[in-house]
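Visitor: Input: one structure, supplied below.
The values are calculated or read from the model by the stated rules, or taken from the named source; none is laboratory data. Predicted model only: the values in this text are computed from it and were never measured. Every residue, glycine among them, receives a Cβ derived from its backbone with ideal geometry; neighbour counts consider all protein chains shown.
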Amino acid sequence: MSFRSRKRQFLQVQPNHEFVAREIRVSVTIHLHKTHRRFAAGQERVEIEGHTVGECLLNLVDRYPALKPQLLDGKGRLQKTVEIYLNMASAYPDELTRPTTHGDRIHVTLMLAGG
């Protein structure tokens, strides 16, 4: 399953009255769990572009490759201990395919285990 989206576009009128398709840039803030910050140069928050949660996470791990095994398994799915919140609400199920809009906040957290 692919969670990279088709780019959203809008038409812009040029001075010569021609229409040109422009990509809509969707910028979101990803908040990293304290455990993950060491893999992202100590960053607590990272501004990333993407039209879905999955696309944002792929762009995040492109920027910080050491995060990839921490967040994604070998098949590109979320690690079982990672939980995603989109605008303070659980994105489960289908976290990676959830669409994002400009200004959204994604929180990457860890589920606690043990007793």
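Visitor: Does region 63-115 hold any residues that are closer than 16 Å to residue 45 by Cα, polar (S, T, N, Q) and surrounded by 15 or more Cβ atoms within 10 Å (Cβ to Cβ), and which are they?
Guide: Correct list: 109 only.
Visitor: With respect to residue 82, is the statement that it is of a type in the set (Val, Ile, Thr), over 12 Å from the mean Cα position of the chain (by Cα) and farther than 16 Å from residue 26 by Cβ true?
Guide: In short, yes.
Visitor: Is it the case that some residue within region 43-65 is of a type in the set (S, T, N, Q), at pLDDT 95 or above and in a loop (DSSP other than H, G, I, E, B)?
Guide: yes
Visitor: What pairs can you find where one residue is in region 77-89 and closer than 16 Å to residue 48 by Cβ and at pLDDT 95 or above, the other is crowded, with 17+ Cβ neighbours inside 10 Å and of a type outside the set (A, V, I, L, M), and their Cβ atoms are less than 6 Å apart, with a gap of 6+ or different chains?
Guide: 84/95; 85/107; 86/98; 87/104
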